[in-house]
Amino acid sequence: MEKYSFPFFPPRLRNAIGIRSRYLIHEFRPLRIIFLLLVTISALSSCARPGPETLKVVAPVNHATRVAILVATDRVPDSDKSGAYTAGRGDRLRYSEVTISIPPTHQLSKIEWPVSKPDPHTSFAVIGRRELTANEFARLARGVSVSPTYGRAGIFVHGYNYSHQEALFRLAQMAADSKVKERAILFDWPSQAEVTGYVADKDSAAFARDDFAQVLSNLSAAGVRPTIMAHSMGAWLAVESIRQLSLMGKTEVIHAIDQLVLAAPDIDIDLLRKQLSVTDRLTKPIVVLASKDDIALALSKRLAGSAATAGSLDIDDPRTRELAIAENLDIVDISKIPSLNGTNHDRFASLAAVYPQLRQGFSNPVAGTGAVVLNGVGGAISAPFRLGGVILAQ
């Protein structure tokens, strides 16, 4: 029987998918599919990733856009690099405000990463950082509000395989492109930031549930009505945290949430039904941004043995439409929006670029289905999505 050798793959990658140097992989078709998907994603992610040196504070320059990000994280701080965090799971929440400069040459949907030292003329750069207490964080989150009773903010919960700096700069990109004035908040949970760290990230997302629930509780107490944009595995974390608040009887915290947007959610569809069955309904429908050609979610389904994930639903499938109606969901097909890295898992980041069109509003829903469609330039969306499509706030 023929055998195959894979000496050119690093041991961690081989071990992550159960492959030794000689393995009868052709005898196990499901494993072969997983193997090929993982290799594909690894190749797409193989470019040198930005390290903590990108977080060095530098002097600002004129004509650059500035975005102030409030950060709540339960990562362990990096003792060797100021402002950086490891993948370790911290013993408490830490709060800060980080001001990021966006270069004058910025292109929509892109993050202009520093080549070596951050240069505000040509790259994203940190120009300010300060630590905060929990009370200071909540007060700043409310910001300047036109309402005497509450303020608005937007929370980004990143997904699997994110470092602190990647999550921070991604939110800065979305905030700058969408031009919203409300406070932008990053909830940064301790992802391993490695393609092979999927299982470890699952555990870290579960670890962070209590902390995200605490952040939402603190914001509610401060009179903040947040819009939550949760991506990939972060969507599971967000739904679990809201479910936990429901089981704790904290209805006032849940009702303070203005909108929940799940971008390419890495949640088994049966699990999502179960989660929502014991969760208090939000005041507005939950928006699901889905792409049926999402490569990363295809891998997740194979790894988990799942029939479907919420982020890869087909809006033309009658079962998807039934789910939308039954669970108070607006399921939006974003398959025509360009992918940023080839996995089709990051299309949500481009939505900020079409924020002006979203805010004007459109009227072209798929009548009576609970599902709506957004095309590649924001040219055809429904009113329900306009409410949820505002990534950071209304």
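By its C-alpha gyration tensor, with a ≥ b ≥ c as the square roots of the eigenvalues, how is region 217-260 shaped: rounded for a/c under 1.5, else prolate for a/b larger than b/c, else oblate? If you can, show how the numbers build up before the last one.
On the way: a/c = 2.40, a/b = 1.30, b/c = 1.85.
Oblate, since a/c reaches 1.5 and b/c is not below a/b.
When peptides 99-108, 168-177 are sorted by average Cβ neighbour count within 10 Å, with the highest value leading, the order is 168-177, 99-108. Put simply, the C-alpha atoms of region 146-283 give a gyration tensor, and the ellipsoid matching it has half-axes of 23, 20, 12 Å, longest first. Bridging of Lys336 to lysines at a Cα separation below 17 Å is possible for Lys292, once same-chain residues fewer than 8 apart are set aside.
Which lysines have a Cα less than 18 Å from the Cα of Lys81, not counting those fewer than 8 places away in the same chain? Candidates past the 8-residue exclusion: Lys56, Lys117.
Under the combined filter of DSSP loop state and at most 14 neighbouring Cβ atoms within 10 Å, region 42-103 retains these trypsin sites (Lys or Arg not before Pro): Lys81. Sorting 327-335, 257-265, 113-121 by their mean Cβ neighbour count within 10 Å, with the most densely packed peptide first, gives 257-265, 327-335, 113-121. Converting phi to 3J(HN,Hα) with the Karplus coefficients 6.51, -1.76 and 1.60 and the offset θ = phi - 60°, region 57-71 yields 6, 10, 6, x, 10, 6, 6, 10, 6, 10, 10, 9, 10, 8, 10 Hz in sequence order, with x at every glycine or proline.
Hey, got a sec? Which trypsin sites (Lys or Arg not before Pro) in region 177-270 land in a DSSP loop and have at most 15 other Cβ atoms within 10 Å?
On the way: sites: Lys179, Lys181, Arg183, Lys202, Arg209, Arg243, Lys250; in loops: Lys179, Lys181, Lys250.
Qualifying residues, ordered by number: Lys179, Lys181.
Values in this text are rule-based calculations from the coordinates and carry no lab data. Not measured: the values here are computed from a predicted model. When we count neighbours, we look across all protein chains shown, and the Cβ atoms used for this are built from the backbone with ideal geometry, even at glycine.
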